[in-house]
Amino acid sequence: MPGILDQAHRRTTAGLLMLVTFVAFEAMAVGTAMPTAVAELDGLAWYGWPFSAFLVASVVGMVVGGDAGDRRGPRVALPWGVAAFAAGLLVAGLAGGMAVFVAGRALQGLGAGVMVVLLYVIAGQAYESSLRPRLFGAISAAWVLPALVGPVVAGLVTTHASWRLVFLGLLPLIVLGALLVLSAGRSLTAPASPPPVARGRRWWAVLAGLGIVALQYAGQRLDLPAVPVAVVGAAALVAGLRPLLPRGTARVARGLPAVVASRGLLAGAFFGMDALIPLLLTTVHGYSPTAAGLPLTAGAVGWALASQLQGRFPQVPRERLLRLGFVLLATGLAATVLAAVPSLGGWPAYLTWALAGLGMGLGMPSVGVLLLEQSPEHRRGADSAALQIADVTLSALSIGLAGVLVAAATEGLLGLPAAVATSIAVCTLLALLGARLAGRAAAPPREAVRDAGTTLAAS
């Protein structure tokens, strides 16, 4: 029986999982190394810039990667994404000043955005539909598992060697992953009728990215000048997203728009609370940093387990698994409010967040499979970019809302447990909305895209 590790696919699978793992590791590890890097480069006033530069550049990279994948094929586009990410690692690792370091982070974001979109284009070309649930299950696990070791490894490397190795040490591994994909996928090709060049999409992506950053900045200020910044940011975000997302995404129209919207709802619901759990446990319950981080580990384990489980049942309609994932996520989120009750202690978070992780493990791979089922080959890059942009946007907005609530608690406007409970309520509503609308993610019969089969030659 064919599988993602059979002779025809094993090198492609290994290369894809390596790329995902090390890009994810960098995303998890950089927060640990950043305080030391900023202190050595005398750039404390610039602390937020490396994160903002990465975010804006990654949105642009998603659009660039999608367009390049559709027009020239992943075999041509992937090396450019890897080169940009590797150059960013090199620049950041060798930076002698904060401005250069920020430029390196921007290059990393650009390359990461290109690569993460091309993963879907390659999955559509190199794997038949029956293998995609297992492939996306493996990709989900490869994305989540670095959360278990990334911060610890980065902390050890930063403490006992140098923060620069957090960047420079990944260079050969990223290149090796790309070589595995390209050497195995010799028949990865561009569509016979590529779409016309749409350079304006890149500028819309820049506008959307800047809108996200402006909203995050306004949320951190909580003063009168933050109001016009938030208004301008919201206007820029809406204007930038309209040309980048499928028509009907905002109203969750049946088919591909609902698939893209579901990805955003999953990410917004989960990550909006994921960022608050350690703060809740350390501040309200007095947990140590290690103990406060264990619920996140439980969530990552649940995510990885469920992503592997769903891959064993390719015959189950993905929209059903998506709905079940939203239900589990909503249940885990709602139950997490118990951890915000000071008299109960924070122990419920260890169980509830594992349940939320199970929901993400069912939902995220299902969204990827549904996307490839409904996206025609000549638009897979653009549609995959829309999927990632929805993820980034809703995650950033949800985390930004959590930041506003925490800032309000810091100013004494409300207690921290109340702020956390409010954030939980919003995230739970997002998950319940996703569960209610998950059925729309199924392809309308008249618009269903026939599976293009596989174009990967046996290696």
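The values are calculated or read from the model by the stated rules, or taken from the named source; none is laboratory data. Worth saying up front: this structure is predicted, and the values here are computed from it rather than measured. Heads up, the Cβs are rebuilt from the backbone with ideal geometry, glycines too, and the neighbour counts pull from every protein chain shown. Please note that ligands, DNA and RNA were not included when accessible areas were found on the heavy atoms of the full protein model with its side chains. Shrake-Rupley method; radii C 1.70, N 1.55, O 1.52, S 1.80 Å.
Distance from the C-alpha centroid of the stretch 1-43 to that of the stretch 307-360: 25 Å, rounded to the whole angstrom. Take the Cβ atoms of residue 425 and residue 165, set R0 to 51 Å, and the FRET efficiency comes out at 0.75. With all protein chains in place and ligands, DNA and RNA left out, the 1.4 Å accessible area ranks 303, 203, 49 as 203, 49, 303, largest first. Each residue of the stretch 408-424 was assigned a 3J(HN,Hα) from its phi angle through the Karplus expression (A = 6.51, B = -1.76, C = 1.60, θ = phi - 60°), giving 5, 5, 4, 7, x, 6, 7, x, 4, x, 5, 4, 5, 4, 5, 4, 4 Hz with x at Gly and Pro.
Of the labelled figures (1) 25, 61, 13, 0; (2) 25, 52, 22, 1; (3) 26, 55, 18, 1, only one reflects P(r) over Cα pairs in 20 Å bins from 0, in percent as derived from the coordinates, namely (1). Distant-in-sequence amide contacts of residue 442, defined by a placed amide H-H separation under 5 Å and a gap of 5 or more residues or a different chain, comprise 255. Take each peptide in 206-213, 357-364, 266-273, count the other Cβ atoms within 10 Å of every residue, and average; sorted highest first, the result is 357-364, 266-273, 206-213.
Given a 1.4 Å probe and the protein chains as shown, residue 265 ends up with an accessible area of around 20 Å². For the stretch 4-67, chymotrypsin sites (Phe, Trp or Tyr not before Pro) are listed when DSSP marks them as loop and at most 14 other Cβ atoms sit within 10 Å of their Cβ; the list is 47. As a rough guide to protection, the peptides 248-254, 307-313 ranked by mean Cβ packing within 10 Å, highest first, stand as 307-313, 248-254.
With an a/c value of 1.5 or above and a/b not larger than b/c for the gyration tensor axes a ≥ b ≥ c computed over the alpha-carbon atoms, the stretch 263-318 is described as oblate.
Sorting 320, 132 by accessible area puts them as 320, 132; the probe is 1.4 Å, largest comes first, and only protein heavy atoms count. The GluC sites (Glu not before Pro) of the stretch 340-424 meeting both criteria, a DSSP state outside H, G, I, E and B (loop) and at most 16 other C-beta atoms within 10 angstrom of the site's C-beta, are 411.
Charge tally around residue 405: other residues with Cβ under 15 Å, Lys/Arg +1 each, Asp/Glu -1 each, net -1. Accessible area per residue (1.4 Å probe, heavy atoms of protein chains only) ranks 70, 274, 223 as 223, 274, 70, with the largest value leading.
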